Every structure is written in structure tokens, then in C-alpha cells.
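Q: Here it is, the structure in full.
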Amino acid sequence: MAKNTGTITIKKYANRRLYNTGTSTYVTLDDLAVMVKKGEDFVVLDAKSGDDITHSVLTQIIFEQESKTGNTLLPVSFLRQLISIYGDQLQMVVPSYLEHSMSALTEQQEQVREQITKSFGDNPVARNIQLPIQLVEEQVRRNTEMFQKAMQMFSPFALAHSGKPSDEAAKKSDTSKDIDDLKSQLKQLQDKINSIDS
């Protein structure tokens, strides 16, 4: 598929076929997933009514990705929490919070990738050593804690279950500190690799 500039219009027909007006070809949900990964902006319109159905199509892509073996990103506990928020007062703040959290996660992911590239480069020993998965798990754990704390802040009963407000403020995660910790751990790992190599 050729990459277009600007927003690409995808039309969905009654027979569920999707038509990319930018390339004049029929596409699948997998094709749309690839477009998202490439950063291509598109809008999906119902061919008959002209309604914007981008949200439901993107949700369908997530459903299909989650159904594929080994591609599960959304834990059951997260899905349960998300479902419980529908119809709640929190519903209006969750979209912006999730959007901000995903942006922060993407930014951290890029910084970790850059740090790994700087630290290991083309070192032949490093290529044979698997990076510790604990680094990634620790970052995911911290992001999950941040999400849970944010949810508690919006809950009317949060203070009753979580102690004093000052305690919560003292426990808030500091993203820049987390990144510094990751950099430090990567440096220590690089030093170990260098000592093995020499």
C-alpha cells in the first residue's frame, strides 16, 4: 500500500468490505492495523450513511488482535475495571487519562529503545545475551500502580481506603526517576558485558 499524506478515507460497505479511497483498493482489518503501526492517519466512514465509524472499527481491530494467540495486551483484571467504569462518574475522565498514559508509555518505550541501542550497539557479546525482562516488567508494574492510584483519586471513597492524602502524594511515581533507574540498570549491564568481552 502506498503511503498517503493527510487523512486517508476508508469506506465500509454493507457487505463489511473496507475500501481505501487513497489507494483505490479493498483492505482488511489487518491492513488497517498495519496502517496504524506505520502512523498513517485514516478515518472510516459508513459508505451508505457517511457516519464516522472509526472508533468501532479500531475497537474491532483490538478485539481481533486480542483473539490471536500470544497477542493479548489487556489483562482480565484491567478489562473488568474498564467495564465497571461504564456509566460511572469516572467515565468522562478515563479517556483522557488513558490517552495520556499511552502517550507516556510510548515515550518511555522510545527512550528505553534508544538507551539499549546506545548501550549495546553492535557489541557481539551483547547480541548473544538476552536483555533482562525484569526491566520491562518493572516499568509495566509502575505504570499499573500509577493507573490504580489515579483511579483511587477519582473514587469518592479513595481516602477512606488509602490513608492520608499526603501519604498518597508521597508515593506517586516519578517518571523521570523511573527512566533514570532504567538507564542506571542498563549501564550496569553494559559494564558487565564489557568486562566479559575484555
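The values are calculated or read from the model by the stated rules, or taken from the named source; none is laboratory data. Here the structure is a predicted model, which means the values were calculated and not measured. Counting neighbours? That spans all protein chains shown, and the Cβs are built from the backbone with ideal geometry, glycine included. Accessible surface is based on the protein model in full, side chains and every heavy atom, while ligands, DNA and RNA are left aside. Shrake-Rupley method; radii C 1.70, N 1.55, O 1.52, S 1.80 Å.
Q: If you check Val44, Val34, Val76, which single one turns out to be aliphatic (A, V, I, L, M), within 20 Å of the chain's Cα centre (by Cα) and surrounded by 10 or more Cβ atoms within 10 Å (Cβ to Cβ)?
A: Going through Val44, Val34, Val76 in turn, the sole match is Val34.
Q: Kindly list the number of the only condition in (1) assigned to a helix (DSSP H, G or I); (2) open to solvent by less than 90 Å² (accessible area, probe 1.4 Å) that fails for Gly50.
A: If we test Gly50 against (1) assigned to a helix (DSSP H, G or I); (2) open to solvent by less than 90 Å² (accessible area, probe 1.4 Å), just (1) comes out false.
Q: Follow-up question, since we're still on this one. From Ile61, Ile83, grab the single residue that is within 25 Å of Thr28 (Cα to Cα), in a helix (DSSP H, G or I) and aliphatic (A, V, I, L, M).
A: Checking each option against the conditions leaves just Ile61.
Q: Pairs needed: first member in the range 31-53, under 15 Å from Tyr13 (Cα atoms) and touching a residue at least 40 places away in the same chain (Cβ under 8 Å); second member anywhere, hydrophobic (A, V, I, L, M, F, W, C) and surrounded by 12 or more Cβ atoms within 10 Å (Cβ to Cβ); C-beta distance under 8 Å; at least 6 residues apart or different chains.
A: These pairs meet every condition: Ile53/Val44; Ile53/Leu45.
Q: When you go through (1) within 23 Å of Leu79 (Cα to Cα); (2) open to solvent by less than 90 Å² (accessible area, probe 1.4 Å); (3) at pLDDT below 95; (4) out of contact with any helix residue (DSSP H, G or I) (no Cβ under 6 Å at 6 or more places or on another chain) one by one for Phe63, which number turns out not to apply?
A: Among (1) within 23 Å of Leu79 (Cα to Cα); (2) open to solvent by less than 90 Å² (accessible area, probe 1.4 Å); (3) at pLDDT below 95; (4) out of contact with any helix residue (DSSP H, G or I) (no Cβ under 6 Å at 6 or more places or on another chain), Phe63 violates only (2).
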